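Every number in this text was worked out from the coordinates using simple rules, so none of it is lab data. Keep in mind that this is a model prediction, so the values were computed, not measured. Virtual Cβ from ideal backbone geometry, glycine too; neighbours counted across all protein chains shown.
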Amino acid sequence: MKSKGLTEWLLAALAAIIFLIALGMVFFYAPREATMGDVQRIFYFHVASAWVGFFGFFITFLGGGLYLLRGGRRWDILALASAEVGLTFITMTLLTGMLWAKPVWGVYWTWEPRLIISAVQWALYMAYVMLRGSVGDAERGARFAAVYGVVAFVTVPLSWFAIRWWRTIHPVVFSGSGMTITPKMLTTLLVAIAAFTILYGILLRTRVHLEQERDHLAALRRTGDWEDGHAD
Amino acid sequence: MKTFGPRTALSGVNLRVEAGEWLTLVGPNGAGKTTLLRILATLALPTSGEVHLFGLNSRRRDTAIRRQLGFLSHRSLLYDDLTAAQNLAFYGRVYGVSDGPARSAVMLDRLHLAARQDDLVATYSRGMQQRLAVARALLHRPRLLLLDEPYTGLDLLAAESLTRLLAEINAAGCTILLSTHTLEGGAFLGRRTLVLRQGRVIHDAPLNNATAFAALYRRLVAGECSDTLPPPGVALPADGNALPAPTRDAPTEQGGALPFWRQIWAIVAKDLAAEMRTREILGAMFVFAVLALLIFSFALDLRGAAARAAAPGVLWCAIAFAGTLGLSRSLAREQHSGGLTGLLLAPLDPAAIFLGKALGNLLFMLTLEIVLLPLGTLLFDVSLLNLEMVGIFLMGTVGYAAVGTLLAAIAVNTRAREVLMPILLLPLVAPLLIAAVRATGGLLEGLGWAGIAVWRHWLVVYNLLIVAVSMLTFGYVVEDS
C-alpha cells in the first residue's frame, strides 16, 4: 500500500511540474500570435484537451472491445473510467473553444464542423455514461456500454472526414503543405499535450482504483466479512 | 461457477444427467435454480466451468444444441400482438418443424387451447399463456426440456394435465429438468431431486417420501444439516458436467438448419403480421412525423424560398424523430414477453436475428417515407418525387434502421428506455443525417446525381460500416437478455 501511495504522489508531482512548465511556455515562451493576440494562447489547452478527449474515447473503445472479446471486469472498468475522464476533457474542449471563439469570430458558438464534431463527441460520452447508469444488472450494463463504445468509435472517423468536405472557418493548425504555426508554438503545444496526457493517465488510474475498491467493498459486504470485521 | 460482478449465483455445481432422466430442482428464492436452467438453455454462460449438452460444449451455442432444447421461462416468450396459432406457426418455422401446422394443432388441442387459437395472446389469462408457452417449448420435440416453475398460474386441472403430458414425453425419452416450489402430488415421486442453496447443490437423491423430504428440505435450507454428495447411485463424471447423447431414440425434430435468408424472412414476416394487426408502429411514426413537419413549418415560418431551403433538414428531422419512436416500439414489442430470448433459444444465427429485425424496421420507415415525400412536396413546394431522391432516402434510411435496431435492443433493457433511445441514437447518426440532408439539398439545388457524389459515397461507407459493426455486436446485446 505504501508503494502504491508513493507512486500516486510521484505521478501527481510529475503532472504538477509538467503543467507548470507548460503554463510557463504558454505565457512566456510561445510568441504572441499576430492576428488573434493573447487570446490565441488558449489554443494550447484547447487542442491538448481535445486530443485527450479523443484519446480517451479510443481507450473506451479498446476496453469495450476487449471486454466483449475476452470478458473480464478490468476491461470494463478501463472503458468506464476512460469515458468519464474523457467526458471531462471534451467538456473542457467545448468551453475553451467557446471562450476562444468569442473574441476571434465574435460569437461563442458557430455551426462550424469541428465544433459540431466536438459537440457530437460530447453527446456520445454523455450517452455512454447515462447508459451505464440506466442498466440495473452490472454485467449487462457493461456489455451494452462496451457495444455502444465500439459502435460510437466507428463513427468518429466518419466525423473526421466531414472536416475535409465542409467549408470551415476553424483555424487550420496543420495544413497539407506544412505547419502554419511557428516552431516555438509547436513545442509549446507538444508540451501542453504531454501535460494533459499525463493528467489523463493519473485521473484514469485513480478512477480505475476507485471502481476496483467499490467492487472489493461490495464483495466484502456480500460475504459478510465487512460487517464481521467492523462489528468489534 | 456463475458470478454477476461481486455476486456469486452458482458455485461448484457438478452434475451429470442421463438421457431420459427427470430431475427436479428445488430451493429457496435466489438459490440459483433459474440461473442454472438459463445456463443449460445456453442463454447465459458460466463464468467458469463447462457445460456439455449432447456431447457438445454449450459455450459454442451451437444451433445443433438449441434445436434439441426446449425451455419454459418465467416469461412466456410469446408475442402478445399475434394469435396463439401465429405464435406457434412462427416458432415452428424458425425451428424448421417439418409438420409445423399439424404439430401446432396437436399441441393446441393437447393443452386445451384449440378453441382460442385465433385470439390474440394479449387477451389470454395468465394460465392460458403458460399453457401456450408449454406448447411453444414442446413444439419442436426437444430431447432436453428445461422448465422453470412450469406450474405457475395453472389451475388444478391444467396442472394435472401438464404433469401427464410431461410424464408422457419423459417416457418417450425426453430428458426433463424442472424447477418447482411444490413437490405435492405423485409426479415427483421416485424422481431425482436436487436442492440448491446459495448457488450450491446441497442434496441430490431420488424423492421417496414427500412428507419426509419436506422436513429434510427445511433443515437443509436452514443449514442445520448437510447432505452427503455425491448421492448413492449417481456417478459424477471425472470430465465435468455432461449430458451425453441419448441412448434411446428420442422423438426430436431432426430437420436441418433453416437457410440464413429464410431465418431473416421468418422474423420479418412475423413483424409484418404483428404490425398488420395493430398498426401501432406505422400509426405512431406517421402522426409524429406529420406533427414534426407542421411544428417546424410554423415555428420557423417556412414559406417560399425559406421553405425550399429548409425542406431537406425538416424532412430528415421528422424521419429521424419518428424513427426513434418506431424502433423503440418494434424492440419493445419483442422484449415485452421475452421474444428476444425466444429468438435466442431458437436455432437462429444472431446475425439473422439482427438483419430480420433491421429489415422489418427499414420497411416500416420506408413506408413512412412513401407518405412523407409527397407530403413534403406539397408543403414545401419542392420536387421530392424522383428516382434520385428516392435513392438518397433509401440510402439514408438503411444505416438509420441498422444502428437504430441495435440501439433499440439496448434501450429496451434500460430503466429509462423512453428517453434513452434518442440520446443513444442521435449522436451516432449525426454524420448520416448531415450527409443525407446535404445530398437531399444538393438534389433540390439541381446539382444532380453526380454533384452529390461525395455525400452518396459517405452514405455508402457509413451504411457498410454500421451494418457490419451492428451485425458483429448484436449477439452481445441480446445475449442473456
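Among DSSP beta bridges whose residues both lie in the range B:1-158, state the antiparallel percentage, nearest 5. Within the range B:1-158, antiparallel bridges account for around 60 percent of the total. Positive contributions from Lys and Arg (+1) and negative ones from Asp and Glu (-1), summed over other residues with Cβ under 14 Å from the Cβ of A:Met98, come out at +1. Shielding by partners for peptide A:214-223, expressed as the average number of C-beta atoms from other protein chains within 10 Å of each residue's C-beta, is 2. Comparing B:Asn170, B:His203, B:Ala187 along the charge dipole axis of the range B:161-204, the residue lying farthest to the positive side is B:His203, per the Cβ-charge model.
What FRET efficiency comes out for B:Glu418 versus B:Leu291 if R0 is 22 angstrom and r is the Cβ-Cβ distance? Round to the nearest 0.05. E between B:Glu418 and B:Leu291, to the nearest 0.05, is 0.80. For the Cα trace of chain B, dividing Rg by the Kirkwood Rh returns an Rg/Rh value of 1.07. Its Cα gyration tensor gives the range B:274-403 an equivalent ellipsoid; the semi-axes, largest first and in whole Å, are 32, 15, 11.
As a length-normalised measure over Cα pairs under 8 Å and 6 or more apart, the relative contact order of chain B settles at 19 percent. Placing unit charges on the Cβ atoms only, positive for Lys and Arg and negative for Asp and Glu, gives the protein assembly as shown a dipole magnitude near 740 debye about its Cα centre.
The phi-based Karplus calculation (6.51 cos²θ - 1.76 cosθ + 1.60; θ = phi - 60°) puts the 3J(HN,Hα) values of the range B:368-380 at 4, 5, 4, 7, 5, 5, x, 5, x, 4, 6, 5, 10 Hz, whole numbers, x for Gly and Pro. Across the options B:Leu378, B:Leu368, B:Leu355, the greatest Cα extent toward the positive end of the charge dipole of the range B:329-394 (unit charges at beta carbon of Lys, Arg, Asp, Glu) belongs to B:Leu355. Principal-axis analysis of the Cα atoms of chain B puts helix B:260-278 at an angle of about 80° to the longest axis. Every Cα-Cα pair of the range B:334-384 was included, and the share exceeding 17 Å stands at 55 percent.
Let me confirm one metric for peptide A:135-144, namely the mean number of other chain beta-carbon atoms within 10 Å of its residues' beta-carbons.
Numbers: counts 6, 3, 5, 4, 9, 9, 4, 1, 9, 11.
If you average over the peptide's residues, the count of other-chain Cβ atoms is 6.
Magnitude of the charge dipole for the range B:300-408, about its Cα centre and with charges confined to Cβ atoms of Lys, Arg (+1) and Asp, Glu (-1), is about 160 debye.
For the range B:407-421, backbone phi angles converted through the Karplus equation (6.51, -1.76, 1.60; θ = phi - 60°) give residue-by-residue couplings of 6, 5, 5, 6, 4, 5, 9, 9, 5, 9, 4, 5, 9, 6, 4 Hz, Gly and Pro being listed as x. What is the Cα centroid distance between the range A:42-85 and the range B:31-89, reported in whole angstrom? Centre-to-centre (Cα) distance: 35 Å.
Excluding the site residues themselves, the longest part of chain B lacking any GluC sites (Glu not before Pro) in a DSSP loop with at most 13 other Cβ atoms within 10 Å is B:225-444.
Site pair B:Ser383 and A:Leu69 shows an inter-label distance of 5.1 nm when each label is modelled 7 Å from Cα along Cα→Cβ. Taking amide H positions as modeled 1.01 Å from N, with prolines and chain starts lacking one, the residues under 5 Å from B:Leu25 and 5 or more places away or on another chain are B:Leu178, B:Ser179, B:Thr180, B:Leu194. Taken over the protein assembly as shown, the convex hull of the Cα atoms encloses 197 Å³ per residue. For the range A:1-144, the Stokes-Einstein estimate of translational diffusion at 10 °C and a viscosity of 1.306 mPa s comes to 91 µm²/s, using the Kirkwood hydrodynamic radius over alpha-carbon pairs. In degrees, nearest 10, range 0 to 90: what is the angle between the Cα axis of helix B:126-138 and the longest Cα principal axis of chain B? Approximately 80 degrees, to the nearest ten.
Suppose every K and R has +1 on its Cβ and every D and E has -1 on its Cβ; what is the size of the dipole of the range B:331-481 about the Cα centre, in Debye to the nearest 20? With Lys and Arg at +1 and Asp and Glu at -1, about 120 debye. Note on chain B: helix-only mean residue ellipticity at 222 nm, from DSSP H runs of 4+ residues weighted -39500 (n - 2.57) and normalised by residue number, equals -18500 deg cm²/dmol. Compute log10 of I(q)/I(0) for the range B:103-211 with the Debye formula, placing one identical point scatterer on every Cα and leaving out solvent, at q = 0.10, 0.11, 0.14, 0.22 Å⁻¹, to two decimals. The Debye formula, applied to the Cα set alone, gives -0.32, -0.39, -0.62, -1.31.
Phi angles of the range A:147-152 translate, via the Karplus equation with coefficients 6.51, -1.76, 1.60 and θ = phi - 60°, into HN-Hα couplings of 4, 4, x, 5, 5, 4 Hz per residue; Gly and Pro are given as x.
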